[in-house]
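Okay, so here's the structure we're looking at.
The values are calculated or read from the model by the stated rules, or taken from the named source; none is laboratory data. These figures come from a predicted structure and were not determined experimentally. Positions of Cβ are generated from backbone atoms using ideal geometry, with glycine treated the same way; all protein chains shown enter the neighbour counts. Calculation scope for accessible area: heavy atoms of the full protein, side chains included, ligands and nucleic acids excluded. Shrake-Rupley method; radii C 1.70, N 1.55, O 1.52, S 1.80 Å.
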Amino acid sequence: YLLTGLTELTQYTVGVYTSCTNGQTSAPTLINFITPCNSPVNITIGNGTNTTSYFPTYSCYENSYTQQIIPASAIGTDPMEFSSIFFQCTSVASASRVWDIYVSPVPSTMDLSSGWILPSEEIPFHLVKSGTVSISSSGTDYWFEVPLDSILVYNGTDNLLISILDHTGSWSCSNSYR
């Protein structure tokens with residue numbers, strides 16, 4: 001079936017069930033989704049001059065794993081979709097890394113002070129990028145884009161956990177990010 005008349009950027013729950021010829025029906029399977037919007041939006045999170053070599057990846061090792069929580073207050077209260085993520089590089093000519101990027105909605109009460117947040121039924125990890133990422137400090141203000149393999153749907157209320165698994169297999173200690 002095709003659903004029509006839905007409002008942009010609105011959360012819906014749809015129940016799907018089977019209806020057999022003998023009159024029996026199954027329990028509904030509920031599916032939650034937010035309707036998309038085709039208007040691109042750029043949101044800059046963070047500012048200042050502090051730099052780090054630890055996020056989005058720590059490339060001084062052949063492989064690394066990093067996590068960062070982006071508070072909902074930095075993103076906004078409107079549901080939206082993201083098709084790419086940008087990072088600001090401050091000290092590398094260019095590099096190619098192999099990343100898996102996972103994004104998870106997390107409640108505002110959750111933080112990283114006790115260690116890594118692990119995937120669970122309550123905190124599902126959504127793979128949004130898997131593959132080569134080209135890092136460059138040659139773009140405008142040294143921003144480089146990471147196009148996502150699948151659209152990231154933000155609900156407008158939760159914080160976002162960004163988890164990056166860098167499994168390049170080689171190291172370079174010259175990268176710095178803001």
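Centre-to-centre, using Cα atoms only, the stretch 55-117 and the stretch 8-22 are separated by 34 Å. The modelled label-to-label distance for the pair residue 121/residue 31, using points 7 Å beyond Cα in the direction of Cβ, is 2.2 nm. Given a Förster distance of 35 Å, report the FRET efficiency between residue 108 and residue 24 from their Cβ-Cβ distance, rounded to the nearest 0.05. According to the calculation, E is roughly 0.20. In this calculation the C-beta distance from residue 16 to residue 170 is compared with R0 = 45 Å, giving a FRET efficiency of 0.45.
Residues whose amide H lies under 5 Å from that of residue 154, counting only those 5 or more places away or on a different chain, are 80, 81, 82; hydrogens are built 1.01 Å from N in the peptide plane.
In this structure the stretch 58-112 gives 47 Å² per residue of accessible area when probed at 1.4 Å with all protein chains present.
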